[in-house]
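Since every read-out is calculated from the coordinates, none of them should be taken as a lab result. What you are looking at is a predicted structure, and each value in this text was computed from that prediction instead of being measured. Here Cβ is always computed from backbone atoms with ideal geometry, including for glycine, and neighbour counts include all displayed protein chains.
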Amino acid sequence: MDPPRRAPRTVIDPVPKFRQVGFFAPPDRSQSGPIAADTSASLSPVMIPPPRHLSDNLILHARPSNSPRRGPESITVGGSNSDAPVSPAPSSSYSSRFVVGGDRGFFDGKGKDNGKVVASSFPRGGFDLTALKGNAAASGSSIVVPASQLTTVSVVNDSLGIPEKEKTNKGGGSAGEMKDQSSSKQQKPKPTKAERRALQEAQRAAKAAAKGEGNKASGTATSVNAKQAKAVKPAQKADTASVAATEKKGGDFPPEKDRKKDAPQPRLQYDDKSRVEKAKRRSVVKQTESRNRVELFRHLPQYEHGSQLPDLEAKFFDLYPVHPAVYKVGLQYISGDISGGNDRCIAMLQAFQEAIKDYKVPPEKSLGRDLTAKIGSYVSFLNECRPLSISMGNAIRFLKSQIAKLPLTLSESEAKISLDSDIERFISEKIILANKVIVKHAVTKIRDGDVLLTYGSSLAVEMIFLHAHELGKQFRVVIVDSRPKLRGQQLLRRLVEKGLNCTYTHINAVSYVMHEVSRVFLGAESILSNGTVYSRVGTASVAMVAHASRVPVIVCCEAYKFHERVQLDSICSNELGDPDVISNVKGRVDVNHLDGWADIENLQLLNLIYDAMPSDYVSMIVTDYGMVPPTSVPVIVREYGRE
Amino acid sequence: MESEAPTMENNPKISAYYQTRLAHFGVVSTEWLAQAQSATNPLLSSSTDSDTDKDTNFSVIDEFNRWRSHPDLAEAVAAIRALAAVISSSKASTMMQLEIELKNASDTLKAWDTTSISLTAASDLFMRYVTRTSALEFEDFNSAKSRLIERADKFGEISYKARKIIAMLSQDFIFDGCTILVHGFSRVVFEVLKLAAHNKKRFRVFCTEGRPDRTGLRLSHELAKLDVPVKLVIDSAVAYTMDEVDMVIVGADGVVESGGIINMMGTYQIALVAKSMNKPVYVAAESYKFARHYPLDQKDLVPAIRPVDFGVPIPLKVDVECSARDYTPPQYLTLLFTDLGVLTPSVVSDELIQLYL
């Protein structure tokens, strides 16, 4: 199924199955094969064919063509960047600034014509400048140049309007909107939707009969938003209905309407080509797919890191529908400046606070729905920068429920102030105050003469140690660390500054030092309903060794990070990091055995971020509700949810 | 034994809780009894706690001791009754004042014996149960107060009847021809066995001696009176006899948040042996014993000292382990028989979260 990873693909997008309406002449391309020659031949004179090896910044999608097809999609999705070298191609990067708004590719011959620009098959990296011009005339509406080759395209303005719109439809990506949107003036971050809405309604009604294809389109955005505002559900259904209708082929049409009501949206599984394609079309941040992906983890997204960062930075001042504060946070995620559950969550919430402050309700719209949609679009943007963590998901759910609970009689400014204070309260109560309570409970478990072990760098654990030291308890700390992030070094520095006795070692030695350890304190990213602790990779190993040595393991986690999900292993849901950091050791140029690993076909590098620790290894969980056994997590989730 | 009477008065480190138990259930020799009687009186009068109650001559400790003198009454129930009496005899005129009085009384009781888990737990639970009501919304203080008294009495009744409820619930688990191993003398377990004998079930009991209290002897005495076949085993013979045993039933001094129990020394050993031989371990405990402790290992408990008498003088250089109780982690326990029902150990935390949330 995997395409030859190293085959340079210059183009290819299979003939689109629907009518292209737009400013370009969709050449009729046959799918597959190195058709570089063809495509370049059929390029209009203004098209700038991309260089053979695109910079990783650019990925051109073949939108319409991809949707109906599974085969070529696999090619595009899977092995895409094999030939995307590192050297950026400036010309293409600038020229690829345009993304076809209507790339939803849900055009079909059914007669939606809205002058939507849809590029059918463009040569890789190339895009139709005529189309661009046309759209540019419409003030820079984005055009997506579909190409069989995936290259990231930084999205500009309008496609930003797209995510926004999408979110209105709950990420359903309805074709109609896209069409409308790009055809009309787009530059506005918040385009008026009145007439578009009308059009959409008409289209939806037309498509109402078609069966939705289920949850695919909403996968990414809704994976963390299990609870959606009711308002968006019908929109969502209609969207997927429309999507399904447009996609003549590609997939069955199971009657998903019922399923949609009952089950929460599953996450987007990245080995499902059609959905990934759709997600890509909608996405703001175009990421390059990695090469050499591990088979077992193909359902998780893996992108080359840092590739689109300079490009996105350049776009910072464009008029995005994404608020600049949110955009900034997204960039910080990509670059790794902000990492760690609490930090990411706080940064995101503060960015939302800013965005809400600047938000203005468009006329004829209800604050609740529109704001929810907007937040949804920001969330999907952040998700593209870096997959959402569970704590962020819970915070978003809280925010959406607060928005939904706003009384209708509230004026706009009052509502904004209320939301602002809600967010403020969430941060101070559930994160900052919770940590204080955790510290208060946990220091009672530290006695004089203890040897405490910790792994990585957790804020709660650090606060516990510092507080216990202030109370005058005599103990020493063993910090276990691991590559590639080596977060333990920061913790070590901070503890040593305060005068604690510390030992630092690598995770390879954990079974060696465990015999002298009396307690193990660990942080967690989240705790799931069956007591499984989801945390940084390596934590489970430390807990396992501690359990085998009969050392009590104490996990410190705020209650807002608890989740009702159940996970049995570390594979079904995880996050993949950048494999290149495994192959390089900072400061050691002589360790270069893995250089060029991507070219070796049998070699795949796996950089997992999280792992799941079974509840048997955990002796006690300290939360802001006190000290509880791992079996009580669902009780807390239940009680917490009642608040 | 003679050394025990003086040590009881003079040595404050000895857990009063165990002194009481000893007084009630240990092997009683007449001479010792006389000494114990004389010893308890000065103990009462030397109690300086009564001055903590600012008001009149009502002393919660006095009330407590009055209730406590019944050998059948659990100490925690005595505490609950004493606290209920505090409310009814309180001269406070506002809710706030009443609550403060209650809090003081409760603290006094807890301070009287810091090692008793059930005392602390019962006091805390009482406070939560009583003050958690909507009685606080009553404008009329007197009606609110009477409501509180009502609830307090109800709690006292429940606690008092808890043993009967537990006995009833556990009857299903005792089948004809079974062999039960019990440890020491727990009134709740005795109640269970008594009811089973009364229901004409045919079973036999292995009773451990329960050193250093030797409370097992007392239990065997009582059981023999009920015509239940009893066999006394010394503590070290538990593993030897575990093959013939069908189940183990123990009481608890306290049930901790992890679902484990704190009980007389030796319980952990028995539970370990039973688990390794796949015998179920049942715990019969009232619900007011649910405490908010969470021990991680044996040393995490508040130590309760109980001197051991070996019968021969021990040289001073030799150290003696004299802790009176141990902690049994929840993975060794099968079920808890409580007045709330037959529960698994993980339910303890659920109940506590719901109550304290």
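Only Cα pairs under 8 Å and 6+ residues apart enter the sum, and on that basis the relative contact order of the range B:117-261 stands at 23 percent. A crude spin-label estimate for the pair B:Thr114 and A:Leu408, with each label 7 Å from Cα along the Cβ direction, gives 6.1 nm.
Count neighbours as other Cβ atoms within 10 Å of each site's Cβ, and list the chymotrypsin sites (Phe, Trp or Tyr not before Pro) in the range B:167-270 that are DSSP loop with at most 16 such neighbours.
Working: sites: B:Phe173, B:Phe175, B:Phe185, B:Phe190, B:Phe203, B:Phe206, B:Tyr240, B:Tyr268; in loops: B:Phe175, B:Phe185.
Passing both the DSSP loop test and the Cβ count: B:Phe175.
In terms of packing, defined here as the mean over residues of other Cβ atoms within 10 angstrom, the peptides A:422-432, A:534-544, A:376-386, A:402-412 line up highest first as A:376-386, A:534-544, A:422-432, A:402-412. Site pair A:Ala198 and B:Asp300 shows an inter-label distance of 6.8 nm when each label is modelled 7 Å from Cα along Cα→Cβ.
Take each of the peptides A:586-596, A:571-581, B:325-335, A:466-476, average the number of other beta-carbon atoms within 10 Å over its residues, and list them starting from the highest.
B:325-335, A:571-581, A:466-476, A:586-596
Positive contributions from Lys and Arg (+1) and negative ones from Asp and Glu (-1), summed over other residues with Cβ under 15 Å from the Cβ of A:Ala460, come out at +4.
Each peptide among A:387-394, A:562-569 gets the average number of other Cβ atoms lying within 10 Å of its residues, and from highest to lowest they stand as A:387-394, A:562-569. How many angstrom lie between the Cα centre of the range A:441-516 and the Cα centre of the range A:579-643? Answer, in whole Å: 19.
For the pair A:Ser428 and B:Lys201, a Förster radius of 56 Å applied to the C-beta separation gives a FRET efficiency near 0.40, rounded to the nearest 0.05. Sort the range B:240-357 into rounded, prolate or oblate with this rule: let a ≥ b ≥ c be the square roots of the eigenvalues of the Cα gyration tensor; rounded if a/c is under 1.5, and if a/c is not under 1.5, prolate when a/b is larger than b/c, oblate otherwise. Because a/c hits 1.5 or more and a/b fails to exceed b/c, the range B:240-357 counts as oblate.
Full extension of the chain between A:Asn592 and A:Leu486 yields a length gain of 36.2 nm, computed as 0.36 nm times the residue separation minus the alpha carbon distance. Taking the Cα centre of the range B:72-188 as origin and assigning +1 to Lys and Arg Cβ atoms and -1 to Asp and Glu Cβ atoms, the resulting dipole is close to 60 debye. Along the axis of the charge dipole computed for the range B:158-238 (Cβ charges of +1 for Lys and Arg, -1 for Asp and Glu, origin at the Cα centre), the listed residues B:Pro229, B:Ser186, B:Tyr160 are led at the positive end by B:Tyr160. Using the Cβ-Cβ distance between B:Asp172 and B:Asn278 with R0 set to 25 Å, the FRET efficiency from 1/(1 + (r/R0)^6) comes to roughly 0.80.
Here the spin labels are modelled as points 7 Å beyond Cα on the Cα-Cβ line, and at B:Asp153 and B:Leu316 they lie 5.8 nm apart.
Taking amide H atoms as placed 1.01 Å from N in the peptide plane, list the residues 5 or more away in sequence, or in a different chain, whose amide H sits under 5 Å from that of A:Asn501. Those lying under 5 Å, H to H, from A:Asn501 are A:Val477.
Applying 1/(1 + (r/R0)^6) with R0 = 41 Å to the Cβ-Cβ distance of A:Ser549 and A:Ala206 gives a FRET efficiency near 0.05.
Multiplying the sequence separation of A:Asp450 and A:Asp337 by 0.36 nm and subtracting their Cα-Cα distance, what value in nm do you get?
Values: separation 113, 0.36 × 113 = 40.68 nm, distance 3.43 nm.
Taking 0.36 nm per residue and subtracting the Cα distance, the gain is 37.2 nm.
Taking amide H as placed 1.01 Å from N in the peptide plane, the amide H of A:Phe562 sits under 5 Å from that of A:Ile527, each at least 5 places away or on another chain. Take each residue in B:253-259, count the other chain C-beta atoms within 10 Å of its C-beta, and the mean is 3.
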